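Asker: Structure in C-alpha cells, see below.
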Amino acid sequence: MPITFTKHLDRPLLRDIAALAAGILIVGLSFGAIATSQGVPWWQSTAMSLFVFAGASQFATMGIMTAGGGLVAGVAAGLVLNLRHVPYGMAVGGVYWTSLRAKILGTHLLTDQSTAFALAAGDDARKAKHTYWTVAVSLFLVWNAGTVIGALAGRLIADPAVLGLDAALPAILLALVMPSLKDRRTLAAGLLGTAVALVTSFFLPAGVPVLLALVGLVVMWRGAKRTEERA
C-alpha cells in the first residue's frame, strides 16, 4: 500500500515518515535484542511483534514479566496501554473503514504515529487516507524486520541495554506527547500519574505502579466536568 499511496504525498511528508520509520526500526532492534537477552526465544518476540504490533505495550509486558511481575500483571499493563487505541479509532476510523478487509487490517495497524500523521492532514480526507496507510504499513514492516534482526543479533550481545537502544521508544513517545502537554489539564494528569507510578514503584510489584498511574485521568475528568458546568 505505501507504494500506491506515496505518489500522492509531498516530499517533506515522505521525509518525515522516513525519519520516523528509521527511529521505529531502531526501537524494533532494541525490543528483539533485549527480549533475547532476557531468555525469550526469537520466534516468540517475532510473533509478539507480528500479532500485537504495539511497541509500548510489548516493552511493558515483557519488562514486567521478566522482572517477576507475572503474566497477569504484564498482560494487564499491555491492555491498559492499548486502551488509548479506542479514541484513536474513533478519531481516524473513517480513514480506513471502507471495507471489511480494510477495517481488520487498518485496526491492527493503528498506532500513535499513524493516528498523529493522519490527524495532521486536517480536513483533507484523501491526504489523511494516503498518509495513514503509508505510515501504518511502513512502520509495521520496519518494526517486524527490526524485531527479527534484533532478536538474532541479541545472541551476540551480552547486554543489549548498554547500547542505549531501549531509550529510543520513550524518546519517540515523549516527542509525540509534547504538543499535548501545552494543555494544562493534560500536563497535570501526566505529572500526577508519573508521580504515583514513581512513588509506588518502591514498594509495589512490577506492573502495578503503571496501572495506578491511571489515577492521573481524574484530573482530566474533573476538568471536563467543570467545563460542562460552565457551559
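Asker: Identify, please: which residue in region 99-156 is of a type in the set (Ser, Thr, Tyr) and under 30 Å from Pro41 (Cα atoms) and is, among those, surrounded by the fewest Cβ atoms within 10 Å (Cβ to Cβ)?
Answerer: If we take residues in region 99-156 being of a type in the set (Ser, Thr, Tyr) and under 30 Å from Pro41 (Cα atoms), then Thr107 is surrounded by the fewest Cβ atoms within 10 Å (Cβ to Cβ).
Asker: Now a separate question. Do we have Leu163 as at pLDDT below 85, more than 30 Å from Gly106 (Cβ to Cβ) and not aromatic (Phe, Trp, Tyr) here?
Answerer: Yes: the conditions hold for Leu163.
Asker: I'd like the full set of residues that are charged (D, E, K, R) and surrounded by fewer than 14 Cβ atoms within 10 Å (Cβ to Cβ), limited to region 14-32.
Answerer: Arg15
Asker: Could you check region 79-100 and list, in sequence order, the residues that are touching a Lys or Arg at 6+ places or on another chain (Cβ under 9 Å), of a type in the set (Phe, Trp, Tyr) and part of a helix (DSSP H, G or I)?
Answerer: Tyr96
Asker: Which condition does Pro205 not pass, out of (1) open to solvent by 70 Å² or more (accessible area, probe 1.4 Å); (2) part of a helix (DSSP H, G or I); (3) modelled with pLDDT under 85; (4) within 29 Å of Trp42 (Cα to Cα), if it passes all the others?
Answerer: All conditions are met except number (2).
Asker: Contact list please: Cβ distance under 8 Å, first residue in region 194-205 and of a type in the set (S, T, N, Q), second residue open to solvent by less than 80 Å² (accessible area, probe 1.4 Å), pairs at least six apart or on different chains.
Answerer: Taking only residues 6 or more apart or on different chains, the pairs are Thr194/Ala213; Thr194/Gly216; Thr200/Val208; Thr200/Pro209; Thr200/Leu212; Ser201/Pro209.
Asker: Kindly check whether there is at least one residue in region 111-119 that is in a helix (DSSP H, G or I) and among the acidic types (Asp, Glu).
Answerer: Looking through region 111-119, at least one residue is in a helix (DSSP H, G or I) and among the acidic types (Asp, Glu).
Asker: Another question, if that's okay. Does any residue of region 1-14 turn out to be charged (D, E, K, R) and modelled with pLDDT of 85 or more?
Answerer: no
One line per residue, one yes/no per condition, for (1) buried (at least 21 other Cβ atoms within 10 Å of the Cβ); (2) among the polar types (S, T, N, Q); (3) over 27 Å from Leu156 (Cβ atoms); (4) in contact with a helix residue (DSSP H, G or I) (Cβ under 7 Å, 6 or more places away or on another chain):
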residue: Pro12; (1), (2), (3), (4): no, no, yes, no
residue: Ile34; (1), (2), (3), (4): yes, no, no, yes
residue: Pro41; (1), (2), (3), (4): no, no, no, no
residue: Gln44; (1), (2), (3), (4): no, yes, no, no
residue: Phe51; (1), (2), (3), (4): no, no, no, no
residue: Met62; (1), (2), (3), (4): no, no, no, yes
residue: Ala76; (1), (2), (3), (4): no, no, yes, yes
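The values are calculated or read from the model by the stated rules, or taken from the named source; none is laboratory data. Just so we're clear, the structure is a prediction, and the values are computed from it rather than from any experiment. Positions of Cβ are generated from backbone atoms using ideal geometry, with glycine treated the same way; all protein chains shown enter the neighbour counts. Just so you know, the surface numbers come from the protein's heavy atoms only, side chains and all, with ligands and any DNA or RNA stripped out. Shrake-Rupley method; radii C 1.70, N 1.55, O 1.52, S 1.80 Å.
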